[in-house]
Amino acid sequence: MANTYSILRKPLIKGDKSLNTVTNDVLRPLDRKPTSLWWATFLFAVSFLLLGVIAIAYQIKTGIGTWGLNKTVGWAFDITNFVFWVGIGHAGTLISAILFLFRQRWRTSINRSAEAMTLFAVMCAGLFPIIHMGRPWLFYWIIPYPNFRGPLWVNFRSPLLWDFFAISTYFTISAVFWYIGLLPDWATLRDKATSKVKKKIYGILSFGWKGSFRAWHRYETVYMLLAALAAPLVLSVHTIVSMDFATSIIPGWHTTIFPPYFVAGAVFSGFAMVLTLIIIARKVMGYEEYITIDHIEKMCKIILLTGGIVGLAYGTEMFMAWYSVNTYERFAFINRALGPYSWAYWIMVTCNVLLPQLLWFKKIRRNIVLIFIMSIIINIGMWFERFVIIVTSLHRDFIPSSWAMYQPTLIEIATLLGSFGLFFTCFLLFARFVPFIAISEVKGILSYARKNGKEVKS
Amino acid sequence: MGKKKKNWKGIEERELTPQFHKSLESEFPEDGIPDLFKEESEVLKSDLSRRSFLKASGFSLTSVLLASCIERKVEKAIPYIIKPEAIIPGRSYWYSTTCGACEAQCGILTKNRDGRPIKIEGNPDHPLSKGGLCAVGQASLLGLYDSKRITEPQKEGSSSDWATVDNEINKKLDAITEGVYFLTSTITSPTTRNLISGVVDKYQNSGHVEYDAVSHSSILDSHEKVFGNRVLPHYRFDRAKTIISFDADFLGTWVSPVEFTKDYISGRNAEGNPEDYSYHVQFESRLSLTGSNSDKRIISTKAEMGAYINLLAEKLSHKAGLSFGNIQDKINIDENLVDNFAERMWSQKGESLVVCGINSIEYQNVVNYINELLGNYGSTLDIINPSYQTKGNDNALADLISKLNEGKVNALFISGCNPLYSLTGRSDFMASINKVPLKVYISDQNDETAEVVNYILPTLHFLESWGDTEPISGLVSLYQPTINPIGNGRSFNESISALLGNKIPNDTLIKTYWEENIYSLAEGKTSFTHFWSQTLNDGYAVIKKSEIKNNNFDFNAVKAANVKKSTALGIILYQKISMLNGKHSYNPWLQELPDPISKITWGNYASIAPKKAEELGIAEGDEIILTVDDVQLKLPAQIQVGQHNDIVAIALGYGTKSSKRFSDIGPKWLQSEPTIIKGDTVGSNSFVFTSMSNGNITYSRDNVSIVKSGAKMKLAVTQTHHTITVPENLGGQVRDHAREILLKDVSTYHATSIHNQNKQKELWEDDFQYTGHHWGLAIDLNKCTGCSSCVVGCQVENNIPVVGMDEVYRRREMHWMRIDRYYSGDDENVDVIYQPMMCQHCDHASCEVVCPVLATVHSSEGLNQQVYNRCVGTRYCANNCAFKVRRFNWFDYAHDDQLANMTLNPDVTIRTRGIMEKCSLCIHRIHEAKTEAKRKNVSLADGDIVPACMQSCSADAIVFGDLNDPNSRINSLTKNNRHYHLLEEMNFRPTTGYLAKVRNKTGEESHNG
């Protein structure tokens, strides 16, 4: 353990934790029987998941016609949800990889849960491109592999194909990264386990972790390498998702600003979702000393930054539409702001640009209740951003005779709710069966800003 | 080291066992192959006695015999056991016959595949229709395969057989000496007419009443009055330089729209001398298809139109030095306008044409007077060789109704019309029809009339029976059966001959009549057989004209029409292009065909002018109750620009019993709504508002009151934004997709800007050169009238499903081609432009790059192709199509009706759920023509390939061809200065181009100049 400390900074973990208390604190939910609160939320989440499963089964059986799409608006809720969930999935990798590389040690309290959230969000996201197909049972046709269908190859010019690569790579790296980080904790669980069966299971899960110097050395090298590998993915995934739109010809989609705009938006929404989750989790699971108000404030600052980029992007889009003198482009943006879907546009602007400005104030940044509400508002705003980009651009494009309106059906709403059900079901299971905080990593920063393991009172 | 290295395949070789040596000699290793037949060989080895062998073989023999005795359905499938001569399965055969969908009697060709007609197309050689065919004609194919047709003789509502019904009817007729009436639609067949008079002549006080649900009787009545002969003139729009139409929708529904469209368009050649370009003025109170094509539209009520007619007659009579007499009830109208028209027409004597679609003898008299003064009889109106396309006689109908009331009708034979539906406005008829003891319906339609009659003698569809017709004097044509009758129907002629006591087959009846009466009029034919087979081959024959002797015009018979100005709201009833008088309301293709103006499918509605609607507080889709006297009708309101403020326009032909069948149409799912509630009809029957005045059926009413019921009704519209301009509050920018110019500017116009003419500098060289064919389309917006027959033609050709009202409401109609209709101008003075739109087959197609699975690719001949079985349905291509012409299969659209499936074109795949489809430029036709050319060892000539849309266009607005062929028609069109491509600046390089619309207007009149 490092014995340098700062008297200028506050410790990252409060409450004078010893190594043993950390282990006990983190593993406590795994040892005891689930609380009634857990059961209640779990059943709630599972029922949403079931609703989603039923909706998707019905939709696959009956046809995409059960969605509100039409000849003009070919994508709406499906791709909105897809981009929304991919965006949510951004925070995890950012926290675990980029903040790791930048030596932001406060990340250790939240990286495990943020990474788990990433995995579940990407699972939700990956669902939509598959079920939005007219013939989802043939989704594997977009995978390029030598096949017996001719062989028929895929179209490497199509951004949908790039999407497939981007999402699957991102999911794989994120999953591996998350799991590697879990190895020492599995070993801790194994060592603390009382029954033989548990010992066996945790032993397998920890890949026979011994805790030797060599194991730690290799572990940290791998972790570093994976972080370096995952870092560019944070930028690439949403860049490629944005290319679904940017490379098309539809006014409102066809803009070069999309990649940075989408990445910033993704981090923005991802952090908001992390906040939503951990604000509840620290309270319910009693991790207030691990995930402190300082953590929340730091995340608010990132939200403020990325929210600013998003706001700038909105303004730039508008400016470019005017500046380009492209009549279709101009119309697309006037129509966004003043057309039939203007309500969605102004929800987006309010939630993503106007309200987050409150985060300039430290008092607000440190107010748990307000931040919780803010995080939900941002999530709503970011969902609407994708809805606005997709639907308002499509519904009125070049030929006025084809202009149409879009309205979601019950099936689409149920599918969206179902994706939330899937997300929360997975997250609750995670909170119940996997150490919510990276024990080994937190132990590594216990001495941060402490003298002889004690908090320095100034 | 020194030892030679030895390789061995196995232990056997290393050890060099004797088995190894042996196995080397044999071709296949013995040990390696397991004996799969081991068990069997053991059975064979077992001692099978002769007795048990016989038992076993006896059993098998008997069971095979028994199995073969089971009666199985013999399925007729190709290949034929005995192949009929000249039939090659998989090849299509064409029969020339005549369209029986309405009385216009256009010449058609039917495409037969494997013994069944699958498509109806216009016969290019036919003198009247010249290859055109309207939407209804195209769609009437489905009538043949209508599973709800009556195919068995019916007696008092239950099935019977021919012998019984024939006997009983004949027995009943024998007991009658007088009062035998025929109530039919216009009969254009000379044979049928002869047969009917044969029956009618047998009885006293009997007659044959021809009645058209939408009557043009006043035109004939008026000619009887002024010329002494009850005839319908043969209108020649091609000869008229000025056309003034008073509410006659001659391009859409009036008398013979296909013929008139051909003629009208031939007089409007934008590239010709502007002096020869016809000038078309339309007076009307609603926006009709014809009005939307006119050069000047004058919105006026029926009374105002009367005033215009009177004034025009007065002005012209001054010029002619005659006196027209007093005009009573002068209405304030634009006198200068009339002066201009009078001046114009007077200077073009004999080259103008005034037509009137208002069924009022007073109006028609004055119109005839005008035409007479202008010397139009003999040039633009032919009454010496008149038309027989409509003969309905309202007075005769009125007589019949009074006889019915008096109970003087003992037997009534109804055919070709559905009076119990279309005479709902005549309560006296509806009440007295049951007084007739013997009512016989000779029809295959299970409609309102079928419910009240004693006997139904099912007839045949025009595609399955013989027939003849004489649409205009001097032109006869034949119907020939293209398929064995489906069901147990019998042709009308044969049924009549049975009434005469001697049932003769239809073809014999027609042949006999022709041999006796028509052959003598034919010129230059060596024998009747020759004449007959030639006519059958051509589909028509030109014979000696009848040359009717007319009296001189009786100027005394004409006096100014009475016009009463009504300030209250009035109704006018009109026919829709798709539904006409309701005869084809069973037809889902027509029900789902968007109206060219309102773009509404599935049902009728009350069209109200925007100002009036605002006044009454009515919004689009509000359910309103219209009341005239004690008659009420519930309809959804539709706000229609270009309509008279005091007029509510309602389409006829809806609310029929035949449309009750559509309660089941369309996909069913959680939130789907049925097209109609079970037992309901599509739309409402507006015939209830018809009335008689001055001896003619009137299709308008005054003093209507409107009440909003508070409910909302769905209008299934395929286009909801009606202008090419974006909304004012969103910039008000005018887009240039549908371009138009003034006639005077045609010679100096360049549709394609100079910037685009010099091809933009490309970043990359073209990666593909079209060295062979390069297919393309050119669409002349100036020729397109918006009639929508191409939409149906495309639907029939390409097996496009009907999706039902709810799906259309959700903007998911499947039509591969649509006709965009844009308004310009203000709410009252609107200009209309039609733009047929289908896949533009871009050489730089934006849809192609985005498909992840390569389901849409470009052909070496410039076609954008959709590979159905490769498509996974991401819909990215549809999103990325700037023209929004791609259609997605949201559901599995039903193909449950086996009989209706007979219309399916075997050359075109049925698409399953979840895949994208779109216009293929009729690629199967391209291949058919190529194969044919290859077979004949000739090269493809321009015009060999005709896609369905181009074929069906009565106005010749669509031209397909090879852009690489310097002599092709399309190449000359692409060089035309009116030619442009949509969204040129996007560099999609579409191979479909448009020619700008020309407006014969002065600068001030133009809205888009």
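The values are calculated or read from the model by the stated rules, or taken from the named source; none is laboratory data. Fair warning: this is a prediction, and the values are worked out from it, not measured in the lab. For neighbour counting, all protein chains shown are included, and Cβ atoms are generated from backbone atoms with ideal geometry for every residue, glycine included.
Some values worked out for this structure:
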quantity	calculated
Residues of region B:368-393 classified as among the small types (G, A, S) and in a strand (DSSP E or B), total	1
Residues of region B:651-692 satisfying the condition of being within 14 Å of chain A (Cβ to nearest Cβ) and aromatic (F, W, Y)	B:W669
Some residue of region B:916-934 being surrounded by fewer than 16 Cβ atoms within 10 Å (Cβ to Cβ) and touching a Ser or Thr at 6+ places or on another chain (Cβ under 9 Å)	yes
Any chance B:V726 is more than 30 Å from B:I358 (Cβ to Cβ), within 12 Å of chain A (Cβ to nearest Cβ), of a type in the set (A, V, I, L, M) and surrounded by fewer than 20 Cβ atoms within 10 Å (Cβ to Cβ)	no
Number of the exception - A:I347 against (1) in contact with a Gly (Cβ under 7 Å, 6 or more places away or on another chain); (2) within 14 Å of chain B (Cβ to nearest Cβ)	(2)
Which listed residue is in contact with a strand residue (DSSP E or B) (Cβ under 8 Å, 6 or more places away or on another chain) and either more than 14 Å from every other protein chain (Cβ to nearest Cβ) or of a type outside the set (S, T, Y) (or both), from A:P11, A:P34, A:P29	A:P11
Selected residue [of a type in the set (G, A, S), touching a helix residue (DSSP H, G or I) at 6+ places or on another chain (Cβ under 8 Å) and in contact (Cβ under 8 Å) with a residue 60 or more places away in the chain] from B:A878, B:A900	B:A900
Tally, over region B:503-562, of residues that are at pLDDT 85 or above and closer than 23 Å to B:Y95 by Cβ	30
Members of region B:875-924 found to be of a type in the set (S, T, N, Q) and either in contact with a His (Cβ under 7 Å, 6 or more places away or on another chain) or more than 26 Å from B:Q719 (Cβ to Cβ) (or both), listed by number	B:Q898, B:N901, B:T903, B:N905, B:T909, B:T912
Region B:816-867, subset facing another protein chain (nearest Cβ under 10 Å), under 16 Å from B:R886 (Cα atoms) and in a strand (DSSP E or B), residue farthest from the chain's Cα centre (by Cα)	B:V857
Helices (runs of 4 or more DSSP H) wholly inside region A:310-420 that include at least 1 residues being farther than 26 Å from A:P260 by Cα and in contact (Cβ under 8 Å) with a residue 40 or more places away in the chain	A:362-365, A:368-387
Subset tally (residues that are polar (S, T, N, Q) and in contact (Cβ under 8 Å) with a residue 40 or more places away in the chain) for region A:187-233	1
Check on A:L99, aliphatic (A, V, I, L, M) and away from every other protein chain (no Cβ under 14 Å)	yes
Enumeration of residues in region A:150-175 that are free of Cβ contacts under 8 Å to residues at least 60 places away in the same chain, in contact with a helix residue (DSSP H, G or I) (Cβ under 9 Å, 6 or more places away or on another chain) and more than 13 Å from chain B (Cβ to nearest Cβ)	A:S168, A:F171, A:A175
Residue selected from region B:162-204 under the condition touching a Pro at 6+ places or on another chain (Cβ under 9 Å) and part of a loop (DSSP other than H, G, I, E, B), by the criterion farthest from B:S387 (Cα to Cα)	B:I176
Residue match in region B:690-710 (condition: of a type in the set (D, E) and part of a loop (DSSP other than H, G, I, E, B))	yes
Members of region A:392-421 found to be more than 11 Å from chain B (Cβ to nearest Cβ), surrounded by 21 or more Cβ atoms within 10 Å (Cβ to Cβ) and hydrophobic (A, V, I, L, M, F, W, C), listed by number	A:L416
Tally, over region A:138-149, of residues that are within 9 Å of another protein chain (Cβ to nearest Cβ) and either more than 25 Å from the chain's Cα centre (by Cα) or farther than 16 Å from B:V849 by Cα (or both)	4
Single unsatisfied condition, A:T93 versus (1) under 30 Å from A:K443 (Cα atoms); (2) of a type in the set (V, I, T); (3) within 14 Å of another protein chain (Cβ to nearest Cβ)	(3)
Residue in region B:434-448 that is in contact with a helix residue (DSSP H, G or I) (Cβ under 8 Å, 6 or more places away or on another chain), crowded, with 22+ Cβ neighbours inside 10 Å and over 30 Å from B:R661 (Cβ atoms) present	no
Residue match in region B:251-271 (condition: outside the structural domain of B:S972 (by TED's automatic domain parsing), surrounded by fewer than 22 Cβ atoms within 10 Å (Cβ to Cβ), of a type in the set (F, W, Y) and not in a loop (DSSP other than H, G, I, E, B))	no
Enumeration of residues in region B:627-649 that are among the hydrophobic types (A, V, I, L, M, F, W, C) and surrounded by fewer than 24 Cβ atoms within 10 Å (Cβ to Cβ)	B:V628, B:V631, B:L633, B:I639, B:V641
Search result, residues across region B:891-935 that are within 14 Å of another protein chain (Cβ to nearest Cβ) and closer than 26 Å to B:W669 by Cβ	B:F891, B:D892, B:Y893, B:A894, B:R911, B:T912, B:R913, B:G914, B:I915, B:M916, B:E917, B:K918
Residue check for B:S598: surrounded by 20 or more Cβ atoms within 10 Å (Cβ to Cβ), in contact (Cβ under 8 Å) with a residue 24 or more places away in the chain, at negative phi and small (G, A, S)	yes
Among residues of region B:656-682, those that are on the phi > 0 side of the Ramachandran plot and either surrounded by 23 or more Cβ atoms within 10 Å (Cβ to Cβ) or at pLDDT 90 or above (or both), counted	1
Test for B:V180: is it more than 14 Å from B:S497 (Cβ to Cβ), of a type in the set (V, I, T) and more than 29 Å from the chain's Cα centre (by Cα)	yes
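Residues checked against (1) in contact (Cβ under 8 Å) with a residue 60 or more places away in the chain; (2) within 15 Å of B:I958 (Cα to Cα):
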{"residue": "B:A751", "(1), (2)": "yes, no"}
{"residue": "B:N782", "(1), (2)": "yes, yes"}
{"residue": "B:S824", "(1), (2)": "yes, no"}
{"residue": "B:L854", "(1), (2)": "no, no"}
